[in-house]
Amino acid sequence: MAPEGIDGLPEGPRYLFWDGGEDGDQPFPGDPADCAVYVVPYMKPVGIAVRPLPRMTSVEVVQTLTAGIDHVQPGLKHLRPGVRLCNARGVHEASTAELALTLVLASLRGIPDFVRAQERGEWLGGFRPALADKSVLIVGYGSIGAAIEDRLTPFELARVARVARSKRTTARGPVHPLTELPSLLPHADVVILSTPLTEETRGLVSAGFLARMKDGALLVNVARGPVVDTKALLAELESGRITAALDVTDPEPLPPGHPLWQAPGVLISPHVGGPTSAFSPRAKRLLVDQLTRFVNHEPLRNVILTTGA
């Protein structure tokens, strides 16, 4: 984000703009060794995101504009100890939760079928599943998972179960640990994935995970593509036993001719959970707040890890 488009940035730092360019070959506007705070370019491949890190010998803060940090983790080994990595908690909750709800409703009510029928000029009536009275399982109950439940609340659900890395209690009810997934999956009509991509969650949705889902259940992924074993998901989709709505895939972008495009019972959106009109004002507020804290030597928000700790 170009600094001249952000109102309220604190005085003192020299702000330089770099987004990597289309192919990641855009020259740096200054010496990366002089950089104190690096705001990672948004919606750029891993190679672009980590490109300056080996030369950032003075950097103190790396700030992503995403909730996930998996795209910068490969470059953290180049940083000196003590660098704080911060994510964009508070930026993407609204738009990602909106999309999760959209995918659930569109899939259950058959909206893709209606669109195709409209193109044919066909009146496609009949009964469809409703979200009301369904049991929903949210896998990954951080700020985005909680925002998803906020939007599910008015829909008269039978039950919402929540799963996160560790057990805890919230105002809405208990959050179960990942170890309890096998006992929760058979009871869920809709399973929503909103977990970060970590070594623990990579391939979490395996053949065994999918086999435990009840017949006719819907899998919704607004997390990261590699959380799901694509081959295992294809097998279940082609059997017709479950359906899926995917905002993220593995591989991504999904190449032309990939079997997921034509798999029965799947709705695919092109990783659009975050980039909406809600992104810019929230991202700008986060950057102004973080940089003001940095300049004033105050505690930063959203510190995910500190290198060397």
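The values are calculated or read from the model by the stated rules, or taken from the named source; none is laboratory data. Computed from a predicted structure; not experimentally measured. All Cβ positions, glycine included, derive from the backbone under ideal geometry; neighbour counts span all protein chains shown.
Some points to look at:
- Scan of the range 198-213 for residues that are assigned to a loop (DSSP other than H, G, I, E, B) and surrounded by fewer than 20 Cβ atoms within 10 Å (Cβ to Cβ), ordered by number: Thr198, Glu199, Glu200, Arg202, Gly203, Ser206
- Failed item, numbered, when Pro52 is tested on (1) closer than 14 Å to Leu305 by Cα; (2) touching a residue at least 24 places away in the same chain (Cβ under 8 Å); (3) not charged (D, E, K, R): (1)
Each row is one residue, and each column tells you yes or no for (1) at pLDDT below 95; (2) in the same structural domain as Thr243 (by TED's automatic domain parsing); (3) exposed (fewer than 12 other Cβ atoms within 10 Å of the Cβ); (4) part of a loop (DSSP other than H, G, I, E, B).
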{"residue": "Tyr141", "(1), (2), (3), (4)": "no, yes, no, yes"}
{"residue": "Ile144", "(1), (2), (3), (4)": "no, yes, no, no"}
{"residue": "Leu152", "(1), (2), (3), (4)": "no, yes, no, no"}
{"residue": "Val163", "(1), (2), (3), (4)": "no, yes, no, no"}
{"residue": "Asp215", "(1), (2), (3), (4)": "no, yes, yes, yes"}
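- Among the residues of the range 173-205, those that are at pLDDT 95 or above and touching a Gly at 6+ places or on another chain (Cβ under 7 Å) comprise Leu193, Ser194, Thr195.
- Only one of the numbered conditions (1) within 16 Å of the chain's Cα centre (by Cα); (2) among the hydrophobic types (A, V, I, L, M, F, W, C); (3) not assigned by TED's automatic domain parsing to the domain that holds Leu193 is violated by Leu79, and that is (1).
- Here is the figure for the range 18-49: residues that are under 27 Å from the mean Cα position of the chain (by Cα), among the hydrophobic types (A, V, I, L, M, F, W, C), part of a loop (DSSP other than H, G, I, E, B) and over 15 Å from Leu291 (Cα atoms) total 2.
- Those residues of the range 210-248 which are in contact with a Leu (Cβ under 6 Å, 6 or more places away or on another chain), of a type in the set (S, T, N, Q) and closer than 24 Å to Glu199 by Cβ, in sequence order: Asn221
- Of all residues in the range 239-284, those satisfying the criterion of being assigned to a strand (DSSP E or B) and touching a residue at least 24 places away in the same chain (Cβ under 8 Å) are Thr243, Ala244, Ala245, Leu246, Val266, Leu267.
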